[in-house]
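The values are calculated or read from the model by the stated rules, or taken from the named source; none is laboratory data. Because the structure is predicted, anything quoted here is derived from the model rather than measured. Quick reminder, even Gly has a Cβ in these numbers, built from the backbone with ideal geometry, and neighbours come from all protein chains shown. We work out accessible area using only protein heavy atoms, side chains counted, and drop any ligands, DNA or RNA first. Shrake-Rupley method; radii C 1.70, N 1.55, O 1.52, S 1.80 Å.
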Amino acid sequence: MKIAISGAQSTGKTTLINELRKIYQVTFKTEITRELADKGYLINELGNDETQLAIMNSHKTRLQIDEDVVYDRCALDGVVYTHYLFLHNKVSLETLNISTEMFKDII
């Protein structure tokens with residue numbers, strides 16, 4: 001079983017996951033973007049090609065976990081945000097295309 005909680009910022013995703021942790025004994029994976037920020041990647045509105053490709057690669061890698069897992073965000077969030085950044089000239093068309101293809105592979 002793989003479940004991903006997806007949605008806009010500050011809508012209660014992490015709160016929901018924290019409540020689910022109290023009930024279910026499965027693996028929970030926190031948001032990738034925060035982990036990458038801790039590694040020095042620029043995130044959110046400052047995101048760039050490197051960040052978005054790292055996010056999409058992380059989503060793809062996480063799906064290989066062979067156990068029941070609940071994810072805080074998923075590849076849909078990554079590709080949507082990449083599209084947003086492309087529209088604001090923060091990432092290249094190549095990054096948008098790669099992210100879109102990765103999303104298609106993931107789903």
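Between Gln9 and Ile65, what is 0.36 nm times their sequence separation minus the Cα-Cα distance? Round to one decimal in nm. Kindly include the intermediate steps, with their values, before the conclusion.
Values: separation 56, 0.36 × 56 = 20.16 nm, distance 2.54 nm.
Length difference between fully extended and current span is 17.6 nm.
Quick check for the range 1-79: number of Lys pairs with alpha-carbon distance under 16 Å, counting only pairs 8 or more apart or on different chains? Present the calculation step by step, with values, prior to reporting the outcome.
Values: Lys2/Lys13; Lys2/Lys29; Lys2/Lys60; Lys13/Lys22; Lys13/Lys29; Lys29/Lys60.
Counting lysine pairs in the range 1-79 gives 6.
Within the range 1-73, which trypsin sites (Lys or Arg not before Pro) sit in a loop by DSSP and count at most 13 neighbouring Cβ atoms inside 10 Å?
On the way: sites: Lys2, Lys13, Arg21, Lys22, Lys29, Arg34, Lys39, Lys60, Arg62, Arg73; in loops: Lys39, Arg73.
Those satisfying the criteria are Lys39.
Please report the carbon-and-sulfur percent of the accessible area for the chain; probe 1.4 Å, protein heavy atoms only, DNA, RNA and ligands left out.
Numbers: 3540 of 6640 Å².
Heavy-atom surface of the chain belonging to carbon and sulfur, 1.4 Å probe: 53 percent.
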Tilt of helix 93-106 relative to the longest C-alpha principal axis of the chain, in degrees (0 to 90, nearest 10)? 30
Using the heavy atoms of the protein chains and a 1.4 angstrom probe, tell me the accessible area per residue for the chain in square angstrom. 62
Working out 0.36 nm times the residue gap between Met1 and Glu101, then minus their Cα-Cα distance, what length gain in nm do you get to one decimal? 33.6 nm
For Phe28, enumerate residues with amide H under 5 Å from its amide H, sequence gap 5+ or separate chain, H modeled in the peptide plane. Val70
Would you kindly give the portion of the calculated P(r) for the chain that falls above 22 Å, as a percent of all Cα pairs? 30
